[in-house]
Each structure stands twice: as C-alpha cells, then as structure tokens.
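A.B. asks: Structure provided below as structure tokens; questions to follow.
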Amino acid sequence: MRAIVAYALHSRVMPELPVAPSASLPPSLILTLAFAATLVLGLLLKFWLASRQIRHVARHRSAVPAAFTQRITLEAHQKAADYTLVKARFSLLEMALGAAVLLSWTVLGGLDALNQWLLQALGSGMGQQLALLAAFVLISSLIDLPATLYQTFVVEQRFGFNQMTPRLWLGDLLKSTLIGALIGLPIAALILWLMGAAGSLWWLWAWAFWMGFNLLLMVVYPTFIAPLFNKFQPLEDESLKARVTALMQRCGFAAKGLFVMDGSRRSAHANAYFTGFGAAKRVVFYDTLLRQLSPSEVEAVLAHELGHFKHRHILRRMALLFALSLAGFALLGWLMAQEWFYSGLGVRPSLAMLVSGVPTASNDALALLLFLLVVPVFTVFLGPLFAGLSRRDEFQADAYAMAQADGADLASALLTLYQDNAATLTPDPVYVQFYYSHPPASARLARLPASTPSPA
Ligand SMILES: [Zn+2]
C-alpha cells in the first residue's frame, strides 16, 4: 500500500519536474511491478517465518521445557509439536497455492475473463455486477474446498479434534451458503448502488452503512444466526452459576444470560466467549470447556474475558476497525477512478465510464473485488503491529483476572487449555512476534502465580 500511496503523492506533487527514467513508466506497469514485488516479498517473509517455526518446534520436540515438566507429559508435548508441525507444513502449501490463485485472478486475467463473460451473458447492470461478486465467491470457495476438507477430516481427525461427520459438514456448508446469500447479496447490492448513485463521496456513505451493518450483526449474530448452527442452553450447574454471577457482580457486569454451547458437536477444541452490547451481554461457555476445567478455573477464564471489557479492548478494537475501514473505503474511492488500477492488475475496465462518466458498464464490482484481493498483499507487513497490540491486551486481561479471581486457577486453566488444544510450548520467538495474537504459554504463566500440579 505504501508503494501506491508514495506513487500517488509523487505524481500529484511533482508532475512538472523533469522525470527520471523510472518515473516515465506507465502507472499501470508501476502498479503491476509493485504488486508482484510486494507479493514475492511477502511470500518470502511468510515462508521464512514458517520454516523458522518448523525448525524451532522440531528441535524442541524431544524434551518438555523445564518449567512444564511437572504438568505436561512428554507424550502431550510431542503431540503438540507434531500438530504444530503438520499445520505449519500445510500452511506452506496453502501460501503457495494462495499466491498462484491471486496471480490467476489478477495479472493472469481470471477476473477479467469472468467479467467479460458475464457481460456477454447478462449485459451490463446491477444483475451482472451481483453475478460477478457471487461467481467470484463461489469459485474461490470451490478452490479452497480441498484444503478445508483436508484440514477438518485429515489433520484435525488425526489429532482427535474433529467431531464432525461429513453429513454435518455438508449441512453447515449449505446453511452458511444460504445465509451468506440471503444477507450478503442485499448488502452487496446496496453498496454497489451507493457506489453508482451517491456521487464522489459514495465511499463515506458506504462506510457508514457498512459500519452500521457490522454493529447490527453483533446483536443479530448471537441471538439469531449462531443458534442455527449450535444449541445454546442456559447454564444449569447451580454452584458454577453462583460463582460466575458473584464474579460478574464483583466486576460490575450484568449479563442477560449464561449459556452452554454444544461446541463438542464439531470440535474438541475448548473456548468461552462474551458477546453483545450493553444490557444484552451474554456469556457463552463451550461444553468442552466446562468438561475440561474445574469451576474455579472456569471462573478465572471468565475473569480474563471480563478484563478485556474492563480495559476497553473490545471498544478499542472496534474503533480501530472503524478507522481502518474508513481509510480503506477512501482509498478504494480514489483508486476506482484510476484506469491504471484496473489495467495494472490485469483487468479491462469499461473506459467510457471512467473518461466521460457515460454509463456503459459499471466497474464498481470489479473495483471492489480487485481491492479486496490486492490489499492484503500490502498489509501483510502490519502483522507484527496488530499481533503485538493483541498480546499486550492479553497480558492486561490476565492481570485483571489475577486481581478478580485466583491467578493460580488461571495458570492451571491456561495450561490445561494449551495442552488440550495441542498448542506448542516452544514456538519460535520471531514467529510469535508476527502471528501470535495470544502470548505463548511460557510468557503468560511467567506472570501468574505457580499453578498447583493437577491431581494425578
Ligand atoms: Zn484474551
């Protein structure tokens, strides 16, 4: 992204200066080169990180780290190492495939071919625009399908995490496709309409609408959409309920309800979350979590989640998301009026629209897709910044949990969760800097009181 912005400033601020040979390249070629170079650079970086992680985990596979010998068996440690290695190796393949697919859509002409074909078949108009978006999503999902299947039914299966039957998996796929179409198509139509009808500040309107939709989704999702996939039952364990209610009162929270979700239907991975706004807040425990942790450990885990609210992490993340989206929409608003944005990325736009404003065929859906495809290539390098902020939040939430509940309980809960999720205790430190949204076990436990060894 920096390359594009730098170019933009350059071309606006100094158009009359004598041009150096490199500056006389057509802008579309500069974009193609910047895109290709950034893609390769990002790919090299990601390969380097993954190979570091693979080497580091493999090197530490033979012994449990000294700090954990009391609680973690060698067998569990090696299972975590193997799970991490399998996932990291598979990610190498996915990265290579992802880059090939991205190049095929863009500079190799995939998106252009799809667009031209749909223009011929449907003519120009909103129908064609929506068909382009839908066809793109459909084709992308089909391309991702083998990897998704492999992950669920081979990797997760091999390590005993997968609980899904092919039938349930297919049901989920159909349901989410249907819901995606029912919600996504009207939203897309509205954004495309704004792009075409709201004038040069369309992106401001579209951004406001998109943010409103996101807020609405936060209310609608837990109450209407999540129950389509899982069963939510009120927490029945009275003593746990009393503990949790007392904790929430202590911390100044009112929750609308405490629920247990049948997470075990799909996966053995455990979790808990806290959703909703204001008075509609609800706490959801995965049944897997309640099975693996003692009541005092569950309390400590919930105290950690409450810590995120108390420290306003959720609000801050939302504010950041709002700001980044605004920047994204503004950038798209500018880019979509530039011919080189399309031609530099392998797409033929409808030129009449750009030059004279005469509506032949709209480029809006094309611009949207190109933007969504290409932006991640340039934002990869921001990974350490966001991961670092997130890890800082986790430490703060841990500290809050330590003040409101028992730190030793949190420590033992974390250790159980790290072990049950087969999270490696020995990740590569540089890989952690880049990708880990949560600090590794050793770093978190070092700040908590020593956990008591679990009863044998
Ligand atoms: Zn957290």
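The values are calculated or read from the model by the stated rules, or taken from the named source; none is laboratory data. What you see is a predicted model, and the numbers here were worked out from it, not measured in a lab. Cβ: placed from backbone, ideal geometry, glycine included. Neighbour counts: every protein chain shown. Quick note on the areas: whole protein, heavy atoms, side chains included, nothing else; ligands and nucleic acids left out. Shrake-Rupley method; radii C 1.70, N 1.55, O 1.52, S 1.80 Å.
A.B. asks: Restricting to segment 127-181, name every residue that is of a type in the set (Ser, Thr, Tyr) and either part of a helix (DSSP H, G or I) or in contact (Cβ under 8 Å) with a residue 40 or more places away in the chain (or both).
C.D. replies: Ser140, Ser141, Thr148, Tyr150, Thr152, Ser176, Thr177
A.B. asks: Collect the residues in segment 190-202 that are touching a residue at least 40 places away in the same chain (Cβ under 8 Å) and under 25 Å from the mean Cα position of the chain (by Cα), keeping them in residue-number order.
C.D. replies: Ile191, Leu192
A.B. asks: Here's another thing I want to ask about it. Would you call Ala113 more than 30 Å from Ala76 (Cα to Cα), part of a helix (DSSP H, G or I) and more than 20 Å from the chain's Cα centre (by Cα)?
C.D. replies: yes
A.B. asks: Another one. Consider Ala80 carefully, then state whether it is in a helix (DSSP H, G or I) and among the small types (Gly, Ala, Ser).
C.D. replies: Judged against the criteria, Ala80 is a match.
A.B. asks: Checking the structure you have, find out if any residue of segment 194-215 is open to solvent by 60 Å² or more (accessible area, probe 1.4 Å), touching a strand residue (DSSP E or B) at 6+ places or on another chain (Cβ under 6 Å) and not small (Gly, Ala, Ser).
C.D. replies: no
A.B. asks: Also, I was wondering about something else. With the structure loaded, tell me whether Gly357 is modelled with pLDDT under 90 and more than 16 Å from the ligand (Cβ to nearest atom) or whether it fails that test.
C.D. replies: Spelling it out, Gly357 is indeed modelled with pLDDT under 90 and more than 16 Å from the ligand (Cβ to nearest atom).
A.B. asks: Now for a separate question. Show me the helices (runs of 4 or more DSSP H) entirely contained within segment 371-456 in which 1 or more residues are within 16 Å of the ligand (Cβ to nearest atom) and exposed (fewer than 15 other Cβ atoms within 10 Å of the Cβ).
C.D. replies: 383-404
A.B. asks: Related question: Check Ile187 against each of (1) among the hydrophobic types (A, V, I, L, M, F, W, C); (2) open to solvent by less than 60 Å² (accessible area, probe 1.4 Å); (3) touching a residue at least 40 places away in the same chain (Cβ under 8 Å) and name the one condition it does not meet.
C.D. replies: (3)
A.B. asks: Restricting attention to segment 47-69, which residues are modelled with pLDDT under 95, surrounded by 13 or more Cβ atoms within 10 Å (Cβ to Cβ) and more than 22 Å from Phe159 (Cβ to Cβ)?
C.D. replies: Ala67
A.B. asks: Within segment 412-431, track down each residue that is under 23 Å from the mean Cα position of the chain (by Cα) and over 12 Å from Thr84 (Cβ atoms).
C.D. replies: Listed by number, the residues that qualify are Leu414, Leu417, Asp420, Pro429, Val430.
A.B. asks: Search segment 398-423 for residues that are at negative phi and pair each with any residue that is acidic (Asp, Glu) and within 14 Å of the ligand (Cβ to nearest atom) when their beta-carbon atoms are under 9 Å apart and the residues are at least 6 apart or on different chains.
C.D. replies: Ala401/Glu305; Gly407/Asp398; Leu410/Asp398; Leu414/Asp398
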